[in-house]
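K.L.:
Sending over a structure as structure tokens; questions will come in a sec.
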Amino acid sequence: MNQIIRLLAHSQRTFINLIRIGIFIVMAWIGGLKAFQYEADGIIPFVANSPVMSFFLNYSNDDPDNYKLHKNKEGEVVPANIEWHQKNGTYTFSYGLGTVICVIGILVLLGIWFPKAGLWGGLLTFGMSLVTLSFLVTTPETWIPNLEGPQHGFPYLSAAGRLVVKDVIMLGAGLVAASESASRLLKR
């Protein structure tokens, strides 16, 4: 057992780099998917209800619930809804957001070799996770709606809520990566 403990204790840097690789994979994958119509359509409930992001869209400030009339199911192609999303700025926003997410992931990964990049990537991951977690408060779709069933509202997370709550892990992982990068910078 002592050998396992020693191995774990001496492998911390390797494990932090594994965290960095994991953050990069998630960020590159999710950020890359923002270039596709179904993913862009899927983020609208979060963005339209967010006081931090809704101003990026054309229709959200006029009528924040308007997006509900134009939602596409994942994989669904409804030309009228797609046209609405184009006019709303959904796809432009999604492309920009995807680019930012990919850049953050690259910065985190670069932290393996360049601590300054890793510090910024970790801090940006933390900040992005705070914004994402705020969706639990601002987005009604993150909770099971009251459809006459016994379980609804808090603490019953919907699929969207279960997706969002996982960012607690990204929040902590971003800080671990930033902390290790800061430590290396101080040793210079």
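The values are calculated or read from the model by the stated rules, or taken from the named source; none is laboratory data. Everything quoted here is computed from the prediction, not taken from an experiment. All Cβ positions, glycine included, derive from the backbone under ideal geometry; neighbour counts span all protein chains shown.
K.L.:
From the list THR125, THR142, THR132, which one is in contact with a strand residue (DSSP E or B) (Cβ under 9 Å, 6 or more places away or on another chain) and among the hydroxyl-bearing types (Ser, Thr, Tyr)?
P.N.:
Every option except THR142 fails the conditions.
K.L.:
Looking only at the stretch 68-83, decide whether some residue is of a type in the set (S, T, N, Q), more than 17 Å from the chain's Cα centre (by Cα) and surrounded by fewer than 17 Cβ atoms within 10 Å (Cβ to Cβ).
P.N.:
no
K.L.:
Can you run down the residue pairs with Cβ atoms below 8 Å, 6 or more apart or on separate chains, where the first is in the stretch 175-188 and in contact (Cβ under 8 Å) with a residue 12 or more places away in the chain and farther than 12 Å from GLY121 by Cβ and the partner is exposed (fewer than 15 other Cβ atoms within 10 Å of the Cβ) and not β-branched (Val, Ile, Thr)?
P.N.:
If the second residue must be exposed (fewer than 15 other Cβ atoms within 10 Å of the Cβ) and not β-branched (Val, Ile, Thr), the pairs left are LEU185/LYS116.
K.L.:
I'm trying to understand the selection: among the residues of the stretch 31-64, which are aliphatic (A, V, I, L, M), buried (at least 16 other Cβ atoms within 10 Å of the Cβ) and out of contact with any Gly (no Cβ under 8 Å at 6 or more places or on another chain)?
P.N.:
Within the stretch 31-64, ALA40, ILE43, ILE44, VAL47, ALA48, MET53 qualify.
K.L.:
Going through the stretch 94-115 one residue at a time, which ones are within 14 Å of ARG20 (Cα to Cα), out of contact with any Gly (no Cβ under 9 Å at 6 or more places or on another chain) and either touching a residue at least 40 places away in the same chain (Cβ under 8 Å) or part of a helix (DSSP H, G or I) (or both)?
P.N.:
Correct list: PRO115 only.
K.L.:
Consider ARG20 carefully, then state whether it is modelled with pLDDT under 95 and of a type in the set (D, E, K, R).
P.N.:
So ARG20 does not fit the description; no.
K.L.:
Moving on to the next point. Looking only at residues that are among the charged types (D, E, K, R) and in contact with a helix residue (DSSP H, G or I) (Cβ under 6 Å, 6 or more places away or on another chain) in the stretch 140-187, which one is surrounded by the fewest Cβ atoms within 10 Å (Cβ to Cβ)?
P.N.:
My answer is ARG184.
K.L.:
Do we find that SER158 is over 30 Å from ARG188 (Cα atoms) and among the hydroxyl-bearing types (Ser, Thr, Tyr) in this structure?
P.N.:
yes
K.L.:
For VAL137, only one of the following conditions fails: (1) in a helix (DSSP H, G or I); (2) closer than 25 Å to ILE25 by Cβ. What is its number?
P.N.:
For VAL137, the failing item is (2).
K.L.:
Still on this model: Does VAL52 satisfy the criteria of being closer than 21 Å to LEU123 by Cα, at pLDDT below 95 and of a type in the set (A, V, I, L, M)?
P.N.:
yes
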